[in-house]
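These notes concern the structure reproduced below.
The values are calculated or read from the model by the stated rules, or taken from the named source; none is laboratory data. Predicted, not measured: the structure shown is a model, and the values here were computed from it. All Cβ positions, glycine included, derive from the backbone under ideal geometry; neighbour counts span all protein chains shown. Quick note on the areas: whole protein, heavy atoms, side chains included, nothing else; ligands and nucleic acids left out. Shrake-Rupley method; radii C 1.70, N 1.55, O 1.52, S 1.80 Å.
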Amino acid sequence: MKPKSEKATTHSMSGNLAFALGKAWQMDKFLMAVTVLQMPVLVLLPLCTTFLSSYMVKWIGEGVSAEALTADILGLSAALLALHLMNQVMNAKINWGAMLNRMQYLTLCSEKAMDMDYENLENPQGQTKMQKALNMIYYSGSGTQQLLAQLVGMASDLVGLVAYSALIASLSPWLVLLLALMTAAAYFVNKANNVWNHRHKDDWTPLDRKIDYIWNRAGEFAAAKDIRLYGMGGWLKSLFGQFMGERMKWHKKGEIRGMGADAFGGLLNFARDGAAYGFLLYCIVEKGMSAADFVFYFGLISQYSSWLLGLIGHYGELQRTAFAFNDVREFLEIPDYFYREGTVGDISGRGNLGGMLREDFLKGDTSEGETLQESFMQENIGKKGARLPETAPEISFQDVSFGYPGSDRDTLSHLNFTVKKGEKIALVGTNGAGKTTLVKLLCGLYHADSGRILVGGKDIRSYDRDAYYTLLAAVFQEIYLLPATMEKNIALCREEEIDREKLGRVMELSGIHEKVGILPDKEKTILMKSVREDGIELSGGEKQKLALARALYKGGCIMVLDEPTAALDPVAENEIYQKYHQLTSGATSVFISHRLSSTRFCDRILFLEDGRITEEGTHEELMALGGKYAAMYEIQSRYYRDEGDGEGCMDQEVAAAL
């Protein structure tokens with residue numbers, strides 16, 4: 001199989017800034033007005049200070065009376081105080097608005113991560129894009145929060161530069177040209193450094209993700225036992241040190257380049273200021289410049305350097321922020337190719353985002369692609385999703401093949417089978433045979449590379465993605481719990497919306513009611529003590545019972561059970577099997593298990609090997625066939641039989657129950 005590719009999405013600096021400012025304007029127009037008004041205030045503050053110093057020298061030299069001098073100084077000082085107060089108020093407003101701006105992007109990216117196509121999220125490229133976006137929005141010093149301050153700083157630097165250039169030009173235009181050329185040289189050096197950092201970001205982002213993974217697992221409650229019992233601490237410490245070492249190499253390279261750029265800029269500053277101050281001394285000695293003018297122009301040139309350096313610095317920061325916004329946009333604009341609301345490649349992520357991600361918020365390229373899914377979607381663009389089946393549907397895999405991105409072989413190869421309406425089938429086979437991948441395709445978490453999957457006689461790609469999910473009730477091997485009450489973990493909704501009668505019924509069917517019954521707070525018991533101090537931890541079997549209760553509460557006409565009893569004891573497992581037809585009543589069901597005794601409760605068994613169905617039939621038919629299913633069943637069953645040689649693992653009563 002060929003690796004799946006993604007279209008690169010790269011935006012210009014001006015495009016990213018226009019995007020960011022447009023979103024800030026949508027969020028808070030008054031904030032943008034304050035941002036614009038602060039710019040002249042920042043220019044007037046140092047200019048008034050320079051004028052005050054110059055006029056004080058002039059007034060003293062002219063012998064102005066103490067009363068007049070005091071009145072003038074107080075007047076200018078009052079103006080400076082008013083400007084300072086205005087600046088502080090504006091700073092407070094801008095800082096608060098900037099924080100809300102960052103929270104907006106944090107919310108958008110969180111919603112994107114929860115709503116985007118599953119295959120995009122699981123894809124390593126999607127993970128890298130998500131990590132880069134997270135680096136941009138997670139901290140208060142990130143560009144999404146500092147953008148407005150950087151913009152105000154750069155704009156005020158530019159206005160100040162123009163104003164001061166006009167004043168200095170009255171003394172000598174050549175002096176302005178000298179200062180401008182020196183500044184331009186420093187700018188290009190800084191720009192080259194910023195481009196290098198952005199170009200190599202993909203080199204260290206995977207390292208950041210690995211470092212974060214080890215750091216988070218080191219303190220994770222669920223991993224603590226394995227780390228201690230298997231002595232993994234030293235190994236993880238070694239890996240952490242290795243990744244940190246590689247990351248520090250990149251950090252060192254960046255710091256060396258940054259130090260070189262700063263050193264070059266420092267030399268230019270020294271040459272520039274030396275030439276400017278030398279010219280002022282020349283004017284005093286040769287042209288008879290007054291003391292007041294010397295103080296005035298000395299202040300202008302000193303501040304001019306600050307405007308120049310500030311402009312370079314703020315432009316560099318703004319450039320880095322623009323590049324970082326590119327990372328956020330690339331993540332938000334990862335196209336979803338599943339059918340949703342009649343769109344293809346829907347970068348707006350409409351559906352479950354609470355109205356925040358709208359077409360008027362995100363604009364991006366959705367050009368026609370080359371994949372089978374994109375071709376199908378282009379043919380159906382503008383149409384509504386197909387009508388969902390109202391009862392247990394027939395499921396048909398027609399010549400379906402699939403391979404994971406980057407893999408050189410197909411996980412599933414040319415699968416052909418049909419599950420009748422209401423039929424209960426079992427998928428069995430060795431590890432890696434493709435069982436879980438098959439149910440991921442059925443659940444619409446991935447799209448087949450070739451072939452079709454029909455549910456209710458229609459290609460699943462013709463259904464609206466979110467509507468199709470309502471057909472499914474699934475229990476996967478990895479069970480995700482929330483630090484919330486038991487009832488909320490089952491119903492997955494607000495407490496007031498829970499159907500109490502239904503909740504009690506599914507808890508009894510799944511067997512979790514026994515655990516709930518002995519808890520002081522019953523179904524209102526908080527889970528996950530690693531997050532909540534008053535929480536509890538469930539055993540592996542109890543988690544599976546809760547997951548089964550969750551699937552039963554949700555309901556659906558397709559039931560998918562992936563190793564739902566792997567952590568249960570034999571007695572509890574037998575109870576589930578006895579209820580299997582009741583649990584899957586009114587649904588077409590797909591059951592995955594490595595315990596072949598459980599397959600006897602299914603109507604038909606499919607045996608997978610290397611991504612293909614090699615045997616098919618009922619338990620009795622496959623045993624009579626004498627193939628690999630029969631051999632695997634025989635190996636497992638010997639541990640449940642008392643052969644009188646001391647090797648039996650379970651007593652006759654439990655073995656008979658299984």
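On the basis of being at pLDDT 85 or above, of a type outside the set (A, V, I, L, M), in a helix (DSSP H, G or I) and buried (at least 19 other Cβ atoms within 10 Å of the Cβ), does LYS112 make the cut? Yes: the conditions hold for LYS112. Does the stretch 207-220 include one or more residues that are loosely packed, with under 15 Cβ neighbours inside 10 Å, modelled with pLDDT of 75 or more, within 30 Å of LEU268 (Cα to Cα) and among the aromatic types (Phe, Trp, Tyr)? Checked the stretch 207-220: no residue is loosely packed, with under 15 Cβ neighbours inside 10 Å, modelled with pLDDT of 75 or more, within 30 Å of LEU268 (Cα to Cα) and among the aromatic types (Phe, Trp, Tyr). For the stretch 164-205, the set of residues classified as over 25 Å from MET13 (Cβ atoms) and open to solvent by 30 Å² or more (accessible area, probe 1.4 Å) consists of ALA166, LEU167, ALA169, SER170, LEU171, PRO173, TRP174, LEU177, LEU178, listed by residue number. Checking each residue in the stretch 94-150 for being within 19 Å of TRP204 (Cα to Cα) and of a type in the set (Gly, Ala, Ser) picks out GLY126, ALA133, SER142, GLY143. Of all the residues in the stretch 164-176, those that are part of a helix (DSSP H, G or I), out of contact with any Leu (no Cβ under 7 Å at 6 or more places or on another chain) and at pLDDT 80 or above number 5. Could you please find all residues in the stretch 281-308 being over 19 Å from SER54 (Cα atoms) and in contact (Cβ under 8 Å) with a residue 60 or more places away in the chain? Matches in the stretch 281-308: TRP307, LEU308. Being surrounded by 19 or more Cβ atoms within 10 Å (Cβ to Cβ) and either assigned to a loop (DSSP other than H, G, I, E, B) or basic (Lys, Arg) (or both) is the filter here, so list the residues in the stretch 526-542 that pass it. Matches in the stretch 526-542: LEU538 only. Of the residues in the stretch 186-199, not one is over 30 Å from VAL34 (Cβ atoms), of a type in the set (Gly, Ala, Ser), at pLDDT 75 or above and in contact with a Leu (Cβ under 8 Å, 6 or more places away or on another chain).
Taking into account only those residues within the stretch 455-496 that are free of Cβ contacts under 8 Å to residues at least 60 places away in the same chain and β-branched (Val, Ile, Thr), which is farthest from GLU542 (Cα to Cα)? Filtering first and then ranking leaves ILE460.
Among the residues of the stretch 323-344, those that are under 20 Å from LEU17 (Cα atoms) and modelled with pLDDT of 80 or more comprise PHE325, ASN326, ASP327, VAL328, ARG329, GLU330, PHE331, LEU332, GLU333, ILE334. The helices (runs of 4 or more DSSP H) found entirely in the stretch 405-522 that carry 3 or more residues being open to solvent by 20 Å² or more (accessible area, probe 1.4 Å) are 465-469, 500-510, 513-517. Within the bounds of the stretch 133-155, is there any residue that is surrounded by fewer than 20 Cβ atoms within 10 Å (Cβ to Cβ), in contact with a helix residue (DSSP H, G or I) (Cβ under 6 Å, 6 or more places away or on another chain) and not in a helix (DSSP H, G or I)? Yes, because at least one residue in the stretch 133-155 is surrounded by fewer than 20 Cβ atoms within 10 Å (Cβ to Cβ), in contact with a helix residue (DSSP H, G or I) (Cβ under 6 Å, 6 or more places away or on another chain) and not in a helix (DSSP H, G or I). Within the stretch 523-551, residues that are farther than 30 Å from THR584 by Cβ have Cβ atoms under 7 Å from residues that are open to solvent by 60 Å² or more (accessible area, probe 1.4 Å) and not in a strand (DSSP E or B) in these pairs: ILE526/ARG532; ILE526/ASP534; LYS529/GLU537; SER530/PHE221; GLY535/LYS529, counting only partners at least 6 apart in sequence or on another chain. Of all residues in the stretch 382-403, those satisfying the criterion of being open to solvent by 60 Å² or more (accessible area, probe 1.4 Å) and either out of contact with any Lys or Arg (no Cβ under 7 Å at 6 or more places or on another chain) or in a loop (DSSP other than H, G, I, E, B) (or both) are GLY382, LYS383, LYS384, ARG387, GLU390, THR391, GLU394, ASP399.
Checked against (1) open to solvent by less than 40 Å² (accessible area, probe 1.4 Å); (2) at pLDDT 75 or above, SER54 meets all criteria but (2).
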